[in-house]
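Structure record follows, encoded as structure tokens.
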Amino acid sequence: MTSPMPAPVPSSSPLPPSVLDLAPVVPVVVVEDAGDAVPLARALVAGGLPAIEVTLRTPAALDAIRAIAAQVPDAVVGSGTVISPKHVTESVDVGARFLVSPGWTDVLLEAMRASGVPFLPGVSTTSEVVALLERGVREMKFFPAEAAGGTAYLKSLAGPLPQARFCPTGGIRPSTAPEYLALPNVPCVGGTWLVPEDALVARDWGRIEKLAREAAALRD
């Protein structure tokens with residue numbers, strides 16, 4: 001991340017200086033109904049996963065971020081699939097506390113930098129990593145993780161580029177997450193498995209909390 005965390009919301013413990021260090025897994029969620037956002041976030045936080053990435057893939061996404069930011073004080077809600085300066089502005093306006101993009105351009109990077117909140121630009125090649133390091137960015141999303149080379153690729157980057165830290169996302173499962181978390185340049189992974197579609201449809205918040213608790217223990 002290239003800027004300090006925004007003023008922390010009330011919590012039982014202070015936030016670390018980076019979203020990457022909040023928990024071993026950042027849930028990546030798609031919200032179709034904004035009414036589900038608050039109980040979903042509460043279940044994830046109760047399970048030990050405070051950082052939540054809500055992707056801008058549905059019309060309900062911004063309302064979901066707004067609701068979580070306002071009603072779940074222990075959640076650190078971020079906006080994902082940010083691909084334009086407009087997305088940056090809209091996300092920050094509704095209370096997003098970090099931004100995640102699947103890739104980056106200089107225009108998008110400058111908009112995220114100007115937003116004042118931490119951000120994770122997406123990379124999938126060594127050249128993209130070097131280009132971001134040149135621009136002072138050291139924390140990135142590695143996407144799509146499995147398709148782009150997975151743990152072998154990230155391990156290869158750790159030698160020549162130890163200053164870069166990654167949140168790999170894309171195709172990671174509970175069984176493979178520990179392999180990523182064992183790498184020195186991977187403090188956390190993005191997980192889509194935390195919110196199964198059938199559990200969300202059924203509003204089975206207990207199941208989602210259980211999955212979150214299991215994910216939070218992956219580094220133990």
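The number of residues in region 95-107 being over 13 Å from the mean Cα position of the chain (by Cα) and either of a type in the set (D, E, K, R) or within 18 Å of VAL19 (Cβ to Cβ) (or both) comes to 3. Pairing each residue of region 45-63 that is at positive phi with any residue that is surrounded by fewer than 19 Cβ atoms within 10 Å (Cβ to Cβ), provided the two are 6+ apart or on different chains, yields C-beta distances under 8 Å for GLY48/ARG213; GLY48/ALA216; GLY48/ALA217. The number of residues in region 45-67 that are within 25 Å of ASN185 (Cβ to Cβ) and surrounded by 19 or more Cβ atoms within 10 Å (Cβ to Cβ) comes to 6.
For region 103-220, please list each of the strands (runs of 3 or more DSSP E) lying entirely inside it that holds at least 1 residues being under 25 Å from ASP33 (Cα atoms). Outline the logic, then answer.
Details: elements: 139-142, 165-168, 189-191.
Where strands (runs of 3 or more DSSP E) fall fully within region 103-220 and carry at least 1 residues being under 25 Å from ASP33 (Cα atoms), they are 189-191.
Candidates in region 68-97 are the residues that are more than 23 Å from GLY170 (Cβ to Cβ) and of a type in the set (D, E, K, R); of these, the one that is surrounded by the most Cβ atoms within 10 Å (Cβ to Cβ) is GLU90. Within region 110-121, not a single residue is touching a residue at least 40 places away in the same chain (Cβ under 8 Å), crowded, with 24+ Cβ neighbours inside 10 Å and among the basic types (Lys, Arg). Criterion applied to TYR180, TYR153 was being of a type in the set (Ser, Thr, Tyr), surrounded by 19 or more Cβ atoms within 10 Å (Cβ to Cβ) and over 24 Å from MET112 (Cα atoms), and the one residue passing it is TYR180.
Residue check: LYS210 meets all listed conditions (1) over 16 Å from GLY48 (Cα atoms); (2) out of contact with any Leu (no Cβ under 6 Å at 6 or more places or on another chain) but one, namely (1). The residues of region 75-94 that are assigned to a loop (DSSP other than H, G, I, E, B) and over 15 Å from the mean Cα position of the chain (by Cα), listed by number, are SER84, VAL94.
Residues in region 31-83 that are of a type in the set (Ser, Thr, Tyr) and in contact with a strand residue (DSSP E or B) (Cβ under 6 Å, 6 or more places away or on another chain): THR55, SER79, THR81.
Of ALA51, ALA34, ALA69, which residue is within 17 Å of THR192 (Cα to Cα) and at pLDDT 95 or above? Talk me through it step by step, then tell me what you get.
Details: ALA34 fails: within 17 Å of THR192 (Cα to Cα); ALA69 fails: within 17 Å of THR192 (Cα to Cα).
Being within 17 Å of THR192 (Cα to Cα) and at pLDDT 95 or above holds for just one of ALA51, ALA34, ALA69, which is ALA51.
Results for (1) closer than 22 Å to ARG165 by Cβ; (2) outside any helix (DSSP H, G or I); (3) out of contact with any Ser or Thr (no Cβ under 7 Å at 6 or more places or on another chain), shown as yes or no for each residue.
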| residue | (1), (2), (3) |
| --- | --- |
| ALA23 | yes, yes, yes |
| VAL26 | yes, yes, yes |
| GLU32 | no, yes, no |
| LEU49 | yes, yes, yes |
| ILE52 | yes, yes, yes |
| ARG66 | no, no, yes |
| ALA70 | no, no, yes |
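The values are calculated or read from the model by the stated rules, or taken from the named source; none is laboratory data. Because the structure is a prediction, the values reported are computed rather than measured. Backbone-built Cβ (ideal geometry, glycine too); neighbour counts: all protein chains shown.
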